[in-house]
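Any read-out appearing in this document is the output of simple, stated calculations on the displayed coordinates, not a laboratory observation. Quantities reported herein were computed from a predicted structural model and do not represent experimental measurements. For neighbour counting, all protein chains shown are included, and Cβ atoms are generated from backbone atoms with ideal geometry for every residue, glycine included.
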Amino acid sequence: MSPVLAAPPSVPVGTGMSIFDPMFVGMDEYGHPVYLPMIYRNILIGGEPGAGKSSFLNTVIGTASLCLDVSLCLLDGKQVELGLWENCADVFVGPDLDLAILTLQRLQTVMDNRYAFLKSVRRQKMVPGDVFGAILIAIDEIAFYSATAGDKKTQEQFSSLLRDLVARGRAVGIIVAAATQRPSSDIIPTSLRDLFAWRFAGRCTTNVSSDIVLGHGWAARGYSSNTVDPTNQGCGYLIAEGGNPVLIKAAYMSNDDIIRVADYAAWTRRTTTTTASAELHAAA
């Protein structure tokens, strides 16, 4: 009679994905897949309510959650758009401007420490397999923190901290993905908005609103998300730094898809203490 063998302990199996790999975000109008290299870059996502902004942002977070070389720092004024990812995030901030500011200050300290390390080893940027991993800062409805909650002083402090992270964080693996309905100057200062290399404009109600996301003058050249059918959620123009806008249909994750991916990501990450998590605690 064969002996009864105990079941081996459950070991999380990772996906083998890396944040250094191009990220699939959707299909272009010719049916070709569209990939974004997110490392060393930032992305601004804009559009009217229901245009698919949060869906695009969830796709970015979902892909990053399956990459064990990137930590997740999520800020969501509504809590529910990004809340399903909380268990696999190193930091989750809800409708609390003071906590959001404190979190960005800690990230700023992490950024400065990383640059001090790179200087000590005579390098200019992080590389795959480095001693620290990347950090994705995902913000849904940035207007809550920059124009709604708190007072003018704290709103400006939040915007200033975020601008510093967007401007200086790329070389040390700090990636910012921010979504808002209309990133006008009263929501996102122009000095911050212009720093985003990647931009996605979902359906907008006017050519002016489309240009606010993509950059001045694109509507006059025939690239306006105002032409997108209001019922075609997730469709919009994607532009890279120095390139022309490309019409794409963004990938979509249903609520069940998000729960399934988030649970799996949390499971694969549960035995791993990311370097970013340790850095953030040290910066507290």
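Beta bridges per DSSP, both residues in region 27-273: antiparallel share near 30 percent.
Label positions at TYR30 and SER160, each projected 7 Å from the Cα along the C-beta direction, are separated by 4.8 nm. Which of rounded, prolate or oblate describes region 43-180 when judged by the alpha-carbon gyration tensor and an a/c cut-off of 1.5? Oblate.
Which order, highest average first, do 221-232, 165-176, 206-217, 61-72 follow once you tally other Cβ atoms within 10 Å for each residue and take the mean per peptide? Please list the in-between numbers first.
On the way: 221-232: 15.2, 165-176: 21.3, 206-217: 18.7, 61-72: 23.6.
Ranked from most to least packed, the peptides come out as 61-72, 165-176, 206-217, 221-232.
A simple spin-label model places the labels of PHE117 and ARG41 2.5 nm from each other, with each point 7 Å out along Cα-to-Cβ.
Might you report the magnitude of the Cβ-based charge dipole of region 27-273 about its Cα centre, with Lys and Arg at +1 and Asp and Glu at -1, to the nearest 20 debye? Please report the intermediate quantities before stating the final value.
On the way: 23 positive and 25 negative charges, 173 e Å.
Its charge dipole is roughly 820 debye.
Separation of region 208-270 from region 27-45 is 9 Å, based on Cα centroids. Would you mind calculating the relative contact order of region 27-273 from Cα pairs under 8 angstrom and at least 6 residues apart, reporting the percent as a whole number? In percent, rounded to a whole number, it is 30.
In terms of overall dimensions, the chain has a Cα radius of gyration and Dmax of 19.4, 81 angstrom.
Mind checking which aspartates and glutamates have their C-alpha under 16 Å from LYS153, skipping anything on the same chain fewer than 8 residues away? Correct list for LYS153: ASP96, ASP98, ASP186.
If I take every Cα pair under 8 Å that is 6 or more residues apart in region 41-178, average their sequence separation and divide by the length, what percent do I get for the relative contact order?
On the way: 191 pairs, mean separation 46.4, N = 138.
34 percent.
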